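**Q** First, the structure itself, so that you have it in front of you.
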Amino acid sequence: DDEDGVRAALARLLRRVGYDVVEAKDGDDALAHFDDGVDLVLTDFIMPKRNGAELIAELRRRGHTRTIIVLSGFVGSATFGDGVVHLEKPIDPAVLLAAVAGALATRPVDA
């Protein structure tokens, strides 16, 4: 998320339940920190430099086949394809944690 407070709150929530989190302020920052050890990408849709759709396209181009969660209050008419879950902001923390757990539980065996 490009909003510092939102990104920090989401990271705290995920860390509190035991997830390792790499924070990124925008799509370019996310790509700079991305490696094969990343099991799940949680992204906003509207971001500076590279929006969620552009980030997803680049991750797919790089071979990232795992689930991506788009957490956004606005996606317009965007469609994301297989392996992308859209969750509406604002989100209940329990709904987010359930989506993250579900995405990680269904990732490919070779991931």
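The values are calculated or read from the model by the stated rules, or taken from the named source; none is laboratory data. Since this is a predicted model, take the numbers as computed values, not measurements. Glycine also receives a Cβ, built like all others from the backbone with ideal geometry; neighbour counts cover every protein chain displayed.
**Q** Filter the stretch 20-40 down to the residues that are among the hydrophobic types (A, V, I, L, M, F, W, C) and either without any contact (Cβ under 8 Å) to a residue 24 or more places away in the chain or touching a Ser or Thr at 6+ places or on another chain (Cβ under 8 Å) (or both), then identify the one that is surrounded by the fewest Cβ atoms within 10 Å (Cβ to Cβ).
**A** A32
**Q** Among the residues of the stretch 4-19, which ones are surrounded by fewer than 12 Cβ atoms within 10 Å (Cβ to Cβ) and part of a helix (DSSP H, G or I)?
**A** D4, G5, R12, R15, R16, listed by residue number.
**Q** Another question about this same structure. Does the stretch 59-75 include one or more residues that are surrounded by fewer than 15 Cβ atoms within 10 Å (Cβ to Cβ), assigned to a loop (DSSP other than H, G, I, E, B) and basic (K, R)?
**A** yes
**Q** Which of the residues spanning the stretch 20-37 are in a loop (DSSP other than H, G, I, E, B) and under 14 Å from P48 (Cβ atoms)?
**A** Selection gives A24, K25, D26.
**Q** Residue check, D1 against (1) buried (at least 18 other Cβ atoms within 10 Å of the Cβ); (2) at pLDDT 90 or above; (3) not in a helix (DSSP H, G or I), all met but one. Which one?
**A** Only one criterion is unmet by D1, namely (2).
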